[in-house]
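Input: a single structure, listed below in structure tokens.
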Amino acid sequence: MPEPGEDIWKKIAKDFEKYANFPNCIGAIDGKHIRITKPKDSGSLYYNYKTFFSIVLLALCDSNYCFTFIDIGSYGKSSDSAIFKKSAFYKRLIEKSLHIPKPKPISETDPKPLPYVIVGDEAFGLSENVMRPYAGKGLSYEKKIFNYRLSRARRFIECTFGILANKWRIFHRPINVNIDFAEDIIKACCVLHNFVRTRDGIQYEDTLHTAPMSNLITLHAGRGTPSSLNIRDKYANYFV
């Protein structure tokens, strides 16, 4: 699928602010288990914590429920964090080769620019370009509001997976082909998903169902750097 350039990222961020009230957000990220039949001589590599065989679809979406990046083929037993750090998208994010726009202010009262960010759950490591919720109990009002706003933005990737699975019924049963062919099928479905969304627009009923896909196992990815913690705090301050 076409890779976003700087102008596309800015358009995605504008739409996320419009629909999710989260500024400078260029996507929501998550991963899902795709059921497969047991690959030959694979042992437990593809056997996940839900006790079935799977490969993982890691995806980033925009606020129009279209995929912007996908990574397919990680072993079912892996966690979100491990899969994300092995993905081509993560490597390019670290290398700063994704053409993400330069930081910009999100508030008229604070002219200091903040980086464009991706929103994920607790499993994704906090960094300058990846925001995750505050963990723990007894959170301050600011942190609770931030978590709520981030959850609203993350909902777009959950809905995107749901629309994908409801449209392409192959996801309702184990895919009974070899791994390479299964990956090609999943890629084709994601590309066709984007084509249909662009052609037909968003149908409200498409967003009402939950995908028959299982979440990845969540392993907390540890604390972020002081810089990333400071960036998250600034976003939290903006929301109150």
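The values are calculated or read from the model by the stated rules, or taken from the named source; none is laboratory data. Owing to the predicted nature of the structure, the values given are computational and were not obtained by experimental measurement. Here the Cβ positions follow ideal geometry from the backbone for every residue, glycine too, while neighbour counts run over all protein chains shown.
What the table shows:
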quantity: Qualifying residue in region 154-170 (condition: outside any helix (DSSP H, G or I) and farther than 26 Å from Ser42 by Cα); calculated: yes
quantity: Residues (assigned to a loop (DSSP other than H, G, I, E, B) and closer than 22 Å to Glu17 by Cβ) located in region 87-107; calculated: Leu98, His99, Ile100, Pro101, Lys102, Pro103, Pro105, Ile106, Ser107
quantity: Breaking point among (1) touching a Gly at 6+ places or on another chain (Cβ under 6 Å); (2) surrounded by 22 or more Cβ atoms within 10 Å (Cβ to Cβ), for Gly120; calculated: (1)
quantity: Filter result (touching a residue at least 24 places away in the same chain (Cβ under 8 Å) and either surrounded by fewer than 18 Cβ atoms within 10 Å (Cβ to Cβ) or not in a helix (DSSP H, G or I) (or both)) within region 133-153; calculated: Tyr134, Ala135, Tyr141, Glu142, Ile145, Arg152
quantity: Flag for Ser81 being modelled with pLDDT under 85, in a helix (DSSP H, G or I), in contact with a Ser or Thr (Cβ under 9 Å, 6 or more places away or on another chain) and buried (at least 17 other Cβ atoms within 10 Å of the Cβ); calculated: yes
quantity: Selection count, region 103-137, where residues are among the small types (Gly, Ala, Ser), modelled with pLDDT of 90 or more and in contact with a helix residue (DSSP H, G or I) (Cβ under 9 Å, 6 or more places away or on another chain); calculated: 2
quantity: Condition broken by Ser140, with the remaining ones in (1) modelled with pLDDT under 95; (2) closer than 30 Å to Leu229 by Cβ satisfied; calculated: (1)
quantity: One residue from Ser63, Ser44 being part of a loop (DSSP other than H, G, I, E, B), touching a helix residue (DSSP H, G or I) at 6+ places or on another chain (Cβ under 9 Å) and either among the small types (Gly, Ala, Ser) or surrounded by fewer than 22 Cβ atoms within 10 Å (Cβ to Cβ) (or both); calculated: Ser63
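Results for (1) over 18 Å from Leu126 (Cα atoms); (2) part of a helix (DSSP H, G or I); (3) under 17 Å from the mean Cα position of the chain (by Cα), shown as yes or no for each residue.
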residue	(1), (2), (3)
Trp9	yes, yes, yes
Ala13	yes, yes, yes
Thr51	yes, no, no
Ile72	yes, no, yes
